[in-house]
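Reviewing the structure listed below.
The values are calculated or read from the model by the stated rules, or taken from the named source; none is laboratory data. Values in this document were obtained by computation on a predicted structure and should not be read as measured data. Cβ placement follows ideal geometry from the backbone for every residue including glycine, while neighbour counts extend to all protein chains displayed. For accessibility, only protein heavy atoms count, side chains too; no ligands or nucleic acids. Shrake-Rupley method; radii C 1.70, N 1.55, O 1.52, S 1.80 Å.
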Amino acid sequence: MAVCSAYTTQSLNSTCSISTPAKTHLGFHQKQVVFYRRSSKRGGSGSGSCVITCSAGDSQTVVIGLAADSGCGKSTFMRRLTSVFGGAAEPPKGGNPDSNTLISDMTTVICLDDYHSLDRTGRKEKGVTALDPRANDFDLMYEQVKAIKSGVAVDKPIYNHVTGLLDPPELIKPPKILVIEGLHPMFDERVRDLLDFSIYLDISNEVKFAWKIQRDMAERGHSLESIKASIEARKPDFDAYIDPQKKYADAVIEVLPTQLIPDDNEGKVLRVRLIMKEGVKHFSPVYLFDEGSTISWIPCGRKLTCSYPGIKFHYGPDTYFGNEVSILEMDGQFDRLDELIYVESHLSNISTKFYGEVTQQMLKHADFPGSNNGTGLFQTIVGLKIRDLYEQITSSKTAAPLEATKA
Ligand SMILES: Nc1ncnc2c1ncn2[C@@H]1O[C@H](COP(=O)(O)OP(=O)(O)OP(=O)(O)O)[C@@H](O)[C@H]1O
Ligand SMILES: O=C(CO)[C@H](O)[C@H](O)COP(=O)(O)O
């Protein structure tokens, strides 16, 4: 919990105090701020600000946003990220079996689907998709993420993907790292401003289609036509509300069809680009060989086994939606993951704690989708960068005053 003290900018006759936690209509267990106005000698009462200063102590929460469309690898990324911090992520113990939340020692991942304001029937009746902002409660999302960030537990709603209904809420206590993942973590400016770091998984239509087929046809028994129809139905709202968020992201993992196989339409070999914004506090982009240069590298040969179509890296400075960025690109796939150490040793600023940590993480999760290509490699690296960012923030942050109630 944050430790807070309060003072007033009003006259000496006024005081502020913080009472014991109380539940509010917004569903958070708030340290209630009370602004008392005592009558002055003349019987009047003034007005002023009550300023609360909270020092986060050892319990400040770093907030990470992860945006992507459904079926674009958010869960896989989350598993890699949680693993970097150690410990397995599990749903809240003894809670709703259909909870979307995953908790580990250091991290709590909440799914923003839980802020759907319309359930499945409600959306159908109103003719809106879940991607439409009108189907989501951004006020509540903002209030609750803000509360958690300042050390206050909340009762977060649950959207039940099995029934399509909104279930009774679950208690979310402030973790060390809160990840908000889903369709809209960067859509609402107020929520966006709470993020210490943001990531967008930008999966091209061709690849998204291939992944959807693989999962929804092979694993969930959907027909090819229904998958196509579902992608088409979501596309206008995806283009309008989800995709534009990538311009705000501190890191984008862009997944495209390979350029190594002419006219490839299988979507198995991938070209993956890690787009890293320059000038982000506590985040220094990864580079290949020489920072700021433009470099193309084919690592295949004596030290890295490659079968057709090989592997190609590219690195260099660029611009992305008007922002200066560095882009690291990998096209192709690894034959032998243990040889990844060769590639790792040529990358800098990867925020590892020991030589070979990226390779170790990749080998540990060799069975996760994307472990043999740039998706797994870049997700792992972003996970390490987030650990580094967390460590920098927690070691450097000082108390910041919060403007509270106005009398
Ligand atoms: N890097 C990858 N390479 C190949 N396939 C992948 C990759 N990441 C994800 N997939 C495929 O996409 C499917 C969805 O992945 P995942 O469950 O991680 O996505 P999600 O965004 O969490 O989905 P949802 O929001 O629908 O739960 C996986 O079952 C897998 O088939
Ligand atoms: O885009 C989505 C995010 O995961 C889902 O489609 C949305 O949450 C609605 O879920 P469901 O289809 O289970 O009613």
**Message:** I need two numbers for the range 136-196: Rg to one decimal and Dmax as a whole number, Cα atoms only, in Å.
**Reply:** 11.8, 33
**Request:** Kindly list the residues of the range 159-175 that lie in the label zone of Val128, defined by a backbone N under 16 Å from the point 7 Å along the Cα-to-C-beta vector.
**Result:** 166
**Message:** Can you give me the solvent accessible area of Met106 with a 1.4 Å probe, rounded to the nearest 10 Å²?
**Reply:** 40 Å²
**Prompt:** Ignoring any ligand, DNA or RNA, what whole percent of the accessible area of the range 139-296 comes from carbon and sulfur when the probe is 1.4 angstrom?
**Reply:** 50 percent
**Request:** Hey, can you grab everything whose amide H is under 5 Å from the amide H of Ser104? Only 5+ residues off in sequence or another chain; H modelled, so Pro and N-termini drop out.
**Result:** Glu90, Val109
**Mean shadow area of the range 220-268, taken as a quarter of the surface of its Cα convex hull (nm²)** = 5.4 nm²
**Request:** Search the structure for amide H atoms under 5 Å from the amide H of Ile311, placed 1.01 Å from N in the peptide plane, and list their residues when 5 or more places away or on another chain.
**Result:** Cys300
**Prompt:** Among Pro91, Thr129, Leu112, whose Cα lies farthest out toward the positive end of the dipole of the range 86-139, if unit charges sit on the beta carbon of Lys, Arg (+1) and Asp, Glu (-1)?
**Reply:** Thr129
**Request:** Work out from phi, with θ = phi - 60° and the Karplus expression 6.51 cos²θ - 1.76 cosθ + 1.60, the ³J(HN,Hα) of each residue of the range 370-386, listed in order in whole Hz, and give x for Gly and Pro.
**Result:** x, 5, 9, 9, x, 5, x, 4, 6, 5, 5, 5, 4, x, 5, 5, 5
**Heavy-atom accessible area per residue - the range 95-251, 1.4 Å, Å²** = 43 Å²
**Request:** Taking the Cα centre of the range 265-329 as origin, sum charge times position over the Cβ atoms of Lys and Arg (+1) and Asp and Glu (-1), and report the length of that vector in debye to the nearest 20.
**Result:** 320 debye
**Request:** Can you list which of the trypsin sites (Lys or Arg not before Pro) found in the range 78-176 are DSSP loop residues with at most 13 other C-beta atoms within 10 Å?
**Result:** Lys93
**the range 184-231 - charge dipole about Cα centre, Lys and Arg +1 at Cβ, Asp and Glu -1, debye rounded to 20** = 220 debye
**Request:** State the dimensionless ratio Rg/Rh of the range 142-271 (Rg: radius of gyration of Cα atoms; Rh: Kirkwood radius).
**Result:** 1.03
**Asked** Assigning unit charges at the beta carbon (Lys, Arg +1; Asp, Glu -1) and nothing else, what dipole magnitude in debye, to the nearest 20, does the range 75-130 show about its Cα centre?
**Response** 180 debye
**Prompt:** Which of the pairs Lys74/Lys208; Lys246/Lys364; Lys93/Lys173; Lys312/Lys353; Lys208/Lys268 have their Cα atoms more than 18 Å apart in this structure?
**Reply:** Lys246/Lys364; Lys312/Lys353
**Prompt:** Within straight cross-link reach of Lys228, meaning Cα distance under 18 Å, which aspartates and glutamates are found once same-chain residues fewer than 8 apart are removed?
**Reply:** Asp69, Glu206, Asp216, Glu219, Asp237, Asp239, Glu266
**Prompt:** Which of the chymotrypsin sites (Phe, Trp or Tyr not before Pro) found in the range 320-384 are loop residues per DSSP with 13 or fewer other Cβ atoms within 10 Å of their Cβ?
**Reply:** Phe321, Phe354, Tyr355
**Asked** If you line up the Cα atoms of the range 70-164 on their principal axes, what length do they span on each, largest first, in Å?
**Response** 44, 30, 25
**Fill in**
Counting only DSSP beta bridges fully inside the range 176-312, the antiparallel percentage to nearest 5 is 60 percent
**Distance (nanometres) between label positions extended 7 Å along Cα→Cβ at Asp193 and Gln360** = 4.1 nm
